[in-house]
Amino acid sequence: GQNIDQPTEMTATEGAIVQINCTYQTSGFNGLFWYQQHAGEAPTFLSYNVLDGLEEKGRFSSFLSRSKGYSYLLLKELQMKDSASYLCAPLKSNYQLIWGAGTKLIIKP
Amino acid sequence: EAQVTQNPRYLITVTGKKLTVTCSQNMNHEYMSWYRQDPGLGLRQIYYSMNVEVTDKGDVPEGYKVSRKEKRNFPLILESPSPNQTSLYFCASSSQGAQPQHFGDGTRLSIL
């Protein structure tokens, strides 16, 4: 079957660092996406990992371990505008995206 | 401006009255997809299309139809809507299946 597990909600302080974990099980695997979604808006692309390791893009980094079925999104120097839901989405070998329920990140001053 | 356009943005209708939600992209993308998003469940894929005249079922296709007669358009059809199809719907497109998807602004459907 297919299953994606990420925390429902996390709270962090402005300026701090937060790591959002995602574990997954899918039938076939072709990489993993992370998207950001502000309340009432459409998701927007953050990162795509297809190989094991860390991809860094400004304040955001994403890590993938294919053998462990594990990924994380690391957000540094948190800003109030980072308050949003973060969606983990593995891509199956038939190019179908499977979406986690998302992690709601609350940033406090 | 590169964009995915959905219409309507909001619709309140009644059970059984056929409706179509249109989706159009201007990026010449091959891959298009429809999702519904419900609280606590995340995005669930309804149908997707890898190219013109090629469509495949996602995880929750029951009660929906799609067509892909031309590359830019991917309409979602509810032949006989029911209240359990009340949801927020997103259309998305990408150049290929393994590329980031661009999302439309969403369509909020209420079926009474």
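The values are calculated or read from the model by the stated rules, or taken from the named source; none is laboratory data. Not measured: the values here are computed from a predicted model. Ideal geometry is used to build each Cβ from the backbone, glycine not excepted, and the neighbour counts take in all protein chains shown. Surface areas here come from the heavy atoms of the whole protein model, side chains and all, with no ligands, DNA or RNA. Shrake-Rupley method; radii C 1.70, N 1.55, O 1.52, S 1.80 Å.
Of the conditions (1) modelled with pLDDT under 95; (2) more than 15 Å from A:Arg66 (Cβ to Cβ); (3) open to solvent by less than 60 Å² (accessible area, probe 1.4 Å), A:Gly1 fails just one. Which one is it? The single condition A:Gly1 does not satisfy is (3).
Taking the listed residues B:Ser82, B:Ser33, the one that is open to solvent by less than 60 Å² (accessible area, probe 1.4 Å) and within 26 Å of A:Tyr35 (Cα to Cα) is B:Ser33, with no other qualifying. Taken over region A:4-14, residues that are surrounded by 13 or more Cβ atoms within 10 Å (Cβ to Cβ) and part of a strand (DSSP E or B) amount to 4.
Quick one: would you say B:Gln99 is open to solvent by 50 Å² or more (accessible area, probe 1.4 Å) and closer than 21 Å to A:Ser47 by Cα? Walk me through it before giving the result.
Working: open to solvent by 50 Å² or more (accessible area, probe 1.4 Å): yes; closer than 21 Å to A:Ser47 by Cα: yes.
Spelling it out, B:Gln99 is indeed open to solvent by 50 Å² or more (accessible area, probe 1.4 Å) and closer than 21 Å to A:Ser47 by Cα.
Of these, B:Asp38, B:Asp105, B:Asp59, which one is within 14 Å of chain A (Cβ to nearest Cβ), under 23 Å from A:Leu32 (Cβ atoms) and open to solvent by 30 Å² or more (accessible area, probe 1.4 Å)?
Values: B:Asp38 fails: open to solvent by 30 Å² or more (accessible area, probe 1.4 Å); B:Asp105 fails: under 23 Å from A:Leu32 (Cβ atoms).
Just a single option satisfies the conditions, and that option is B:Asp59.
Regarding region B:15-34, can at least one residue be identified that is closer than 30 Å to A:Asp5 by Cβ, among the hydrophobic types (A, V, I, L, M, F, W, C) and touching a strand residue (DSSP E or B) at 6+ places or on another chain (Cβ under 9 Å)? Within region B:15-34, one or more residues are closer than 30 Å to A:Asp5 by Cβ, among the hydrophobic types (A, V, I, L, M, F, W, C) and touching a strand residue (DSSP E or B) at 6+ places or on another chain (Cβ under 9 Å).
Just to confirm my filter: which strands (runs of 3 or more DSSP E) fall fully inside region A:69-109 and include at least 1 residues that are modelled with pLDDT of 95 or more and either over 14 Å from the mean Cα position of the chain (by Cα) or over 19 Å from B:Gln101 (Cα atoms) (or both)? If you could, list the steps in order and put the result at the bottom.
On the way: elements: A:70-75, A:84-90, A:103-108.
Correct list: A:70-75, A:103-108.
All of A:Lys92, A:Lys76, A:Lys108 fail the test of being within 14 Å of chain B (Cβ to nearest Cβ) and either over 16 Å from B:Leu43 (Cα atoms) or out of contact with any strand residue (DSSP E or B) (no Cβ under 7 Å at 6 or more places or on another chain) (or both), apart from A:Lys92. Selection within region A:15-70: residues that are out of contact with any strand residue (DSSP E or B) (no Cβ under 6 Å at 6 or more places or on another chain) and of a type in the set (Ser, Thr, Tyr). The member of this set that is most open to solvent (accessible area, probe 1.4 Å) is A:Ser67.
The residue that is farthest from the other protein chains (Cβ to nearest Cβ), counting only those in region B:67-79 that are of a type outside the set (Phe, Trp, Tyr), crowded, with 19+ Cβ neighbours inside 10 Å and within 12 Å of B:Val21 (Cβ to Cβ), is B:Leu78.
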